[in-house]
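Colleague: Dropping a structure here in structure tokens format, bear with me for questions.
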């Protein structure tokens with residue numbers, strides 16, 4: 001029943017949109033997708049499934065959520081994967097250009113703090129995490145760990161993961177740390193440095209790092225994360241309704257409603273709506 005209601009809502013929203021737009025884009029043109037590095041691995045697999053049913057060329061580039069929405073506004077892409085909501089400044093710019101940007105909810109993700117497996121610290125409160133990332137806590141000994149300075153790893157400012165994490169953690173201040181451009185870079189640095197701490201989407205977790213519990217929430221009880229974990233975020237697809245052709249519409253419905261894609265989304269480490 002929930003899937004039926006969801007489908008009706010999406011179909012009505014799209015039908016309403018099509019009543020007010022003129023599609024000038026050729027449906028045979030490739031669909032250009034940009035945005036979130038978090039969503040990219042899932043999107044590539046979902047796009048492959050879509051191509052089996054619709055012989056459409058799909059070009060996927062991941063330069064971060066913020067950069068992706070910038071490219072949608074500039075007209076250099078047709079769809080954006082975003083792991084954070086659009087910036088107010090981007091909304092204003094789109095409005096000034098007469099663009100109608102529409103979002104579609106894919107599901108949810110959890111951002112997890114990670115450390116080296118040899119780090120004895122396994123559980124931090126949200127208050128302690130904030131203390132690390134706003135610069136008030138600088139040594140692991142203050143958290144029951146070794147007497148080592150905390151090596152802080154941040155994503156860059158074009159990352160949706162950074163935006164969500166920073167909004168929750170910074171509390172008006174931000175500690176200086178090493179800035180890296182991808183989740184893979186975070187993982188690589190943490191895996192090689194015992195005193196480092198960083199954060200990634202749950203979908204990128206691998207055995208070479210250790211996930212820290214937050215406020216005692218155990219990673220083994222995955223079904224409770226989406227309700228109880230304090231660092232969660234929605235994942236979106238954004239389109240420009242002014243250039244919303246039949247092929248893009250078909251792809252979005254396929255990604256959101258197809259049962260096989262939904263299972264793929266869950267296997268990628270995300271949580272369905």
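The values are calculated or read from the model by the stated rules, or taken from the named source; none is laboratory data. What you see is a predicted model, and the numbers here were worked out from it, not measured in a lab. Every residue, glycine among them, receives a Cβ derived from its backbone with ideal geometry; neighbour counts consider all protein chains shown.
Colleague: Is it the case that residue 81 is on the phi < 0 side of the Ramachandran plot, at pLDDT 95 or above and not assigned by TED's automatic domain parsing to the domain that holds residue 149?
Modeller: Spelling it out, residue 81 is indeed on the phi < 0 side of the Ramachandran plot, at pLDDT 95 or above and not assigned by TED's automatic domain parsing to the domain that holds residue 149.
Colleague: Continuing with the same structure: Quick check on this structure: which one of 87, 93, 124 is more than 22 Å from the chain's Cα centre (by Cα), surrounded by 14 or more Cβ atoms within 10 Å (Cβ to Cβ), touching a residue at least 12 places away in the same chain (Cβ under 8 Å) and in the same structural domain as residue 247 (by TED's automatic domain parsing)?
Modeller: One residue alone meets the criteria, 93.
Colleague: What do you reckon, is residue 174 over 21 Å from residue 110 (Cβ atoms) and modelled with pLDDT of 90 or more?
Modeller: Criteria not met by residue 174.
Colleague: Here is a follow-up. Would you confirm, using the coordinates I've provided, whether residue 168 is outside the structural domain of residue 37 (by TED's automatic domain parsing), in a helix (DSSP H, G or I), modelled with pLDDT of 85 or more and over 17 Å from the mean Cα position of the chain (by Cα)?
Modeller: Criteria not met by residue 168.
Colleague: Quick one: which of 188, 142 is surrounded by fewer than 17 Cβ atoms within 10 Å (Cβ to Cβ), part of a helix (DSSP H, G or I) and over 22 Å from the mean Cα position of the chain (by Cα)?
Modeller: Matching residue, one of 188, 142: 142.
Colleague: Turning to a different aspect of this structure: Which ones in segment 223-273 are part of a strand (DSSP E or B) and farther than 18 Å from residue 44 by Cα?
Modeller: Within segment 223-273, 232, 233, 234, 240 meet the criteria.
Colleague: Please go through segment 119-133 and pick out each residue that is touching a strand residue (DSSP E or B) at 6+ places or on another chain (Cβ under 8 Å) and in a loop (DSSP other than H, G, I, E, B).
Modeller: Selection gives 119, 121, 122, 125.
Colleague: Could you list, in sequence order, the residues of segment 148-165 that are outside any loop (DSSP other than H, G, I, E, B) and over 17 Å from residue 80 (Cβ atoms)?
Modeller: Result: 149, 151, 152, 153, 154, 155, 165.
Colleague: If you go through segment 229-236 one residue at a time, do you hit one that is at pLDDT 85 or above and out of contact with any strand residue (DSSP E or B) (no Cβ under 8 Å at 6 or more places or on another chain)?
Modeller: no
Colleague: Is it the case, given these coordinates, that residue 176 is outside the structural domain of residue 35 (by TED's automatic domain parsing), over 25 Å from residue 265 (Cα atoms) and either loosely packed, with under 14 Cβ neighbours inside 10 Å or in contact with a strand residue (DSSP E or B) (Cβ under 8 Å, 6 or more places away or on another chain) (or both)?
Modeller: The answer is yes for residue 176.
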